[in-house]
Amino acid sequence: MGRGKVVLQRIENKTSRQVTFSKRRNGLLKKAYELSILCDAEVAVVLFSHAGRLSQFSSSNMLKTLERYQRYIYASQDAAVPPSDEIQNNYQEYVKLKARVEVLQRSQRNLLGEDLAPLGTTELDQLESQVDKTLKQIRSRKTQVLLDELCDLKRKEQMLQDANMSLKRKLDEIEVGATPPQLPWQGDCGGGGVLSDGPTQPEHFFQALECDPSLPPAFHPMHMDQQPMPPPGSCYRPAWMA
């Protein structure tokens, strides 16, 4: 049969309670010893029985372990809880920063034209002066930005013009190099393109021929069968081919 589950509650029987304490104490001290050996840990165990008897175990010097424990506990408390003077200073700094933030937020709303009802004449004059000063600064900055952009555009335009002139010069050089040399006799022919070695004739040199209707025509029709044919093998042409 398996061991029953132990109920964790105070043992009412004094004898049983003493026996259980002795067994559990020895087991706890044994486990502390094993832990110190296996894990190379500094272990200290302090037990007081119901009757006030002390039982303890320490892997090293008990006093040194307790002093180390106290230093650690005090250092942790000092780091976790700041002194009262520091707390007071931090709170005052927080109050000052909060008031400053509220003033800045209210001033921002006033610049936007909001919450103007509580302001008096003097405060409104100061606000107007501040707005005018701000507008002047904004316009001055805007003008400076526009001038800078204009200078950049002019510089880019000059660079493009220089590049265009350079390309034009290179193109002219290429065209000059590609044109063949003109020979002496290849001059301008007056648009006609026809060359003549002789002198130019006057316009009245070429005259239209007029036909005289009284003269007989020089052509006489003749039938091919009326002309004598040359014998075969002859080199003479017939008269009608003359």
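The values are calculated or read from the model by the stated rules, or taken from the named source; none is laboratory data. Everything numeric in this text was worked out from a predicted model, so none of it was measured. Note: ideal-geometry Cβ built from the backbone for every residue, glycine included; neighbour counts use all protein chains shown.
Determine whether LEU104 is of a type outside the set (D, E, K, R), assigned to a helix (DSSP H, G or I) and either surrounded by 13 or more Cβ atoms within 10 Å (Cβ to Cβ) or on the phi > 0 side of the Ramachandran plot (or both). No. Restricting the search to region 38-63, which residues are touching a residue at least 24 places away in the same chain (Cβ under 8 Å) and touching a strand residue (DSSP E or B) at 6+ places or on another chain (Cβ under 8 Å)? Hits for region 38-63 are ALA44, SER49, SER55, PHE57, SER59. State yes or no: is PRO184 at pLDDT 55 or above, over 30 Å from ARG106 (Cα atoms) and not assigned by TED's automatic domain parsing to the domain that holds LEU111? So PRO184 passes the test. One residue stands out in region 7-35 among those that are exposed (fewer than 13 other Cβ atoms within 10 Å of the Cβ) and among the aliphatic types (A, V, I, L, M): the one that is farthest from SER49 (Cα to Cα), namely VAL7.
Going through region 36-74 one residue at a time, which ones are surrounded by 14 or more Cβ atoms within 10 Å (Cβ to Cβ) and closer than 25 Å to VAL6 by Cα? Correct list: VAL45, LEU47, SER55.
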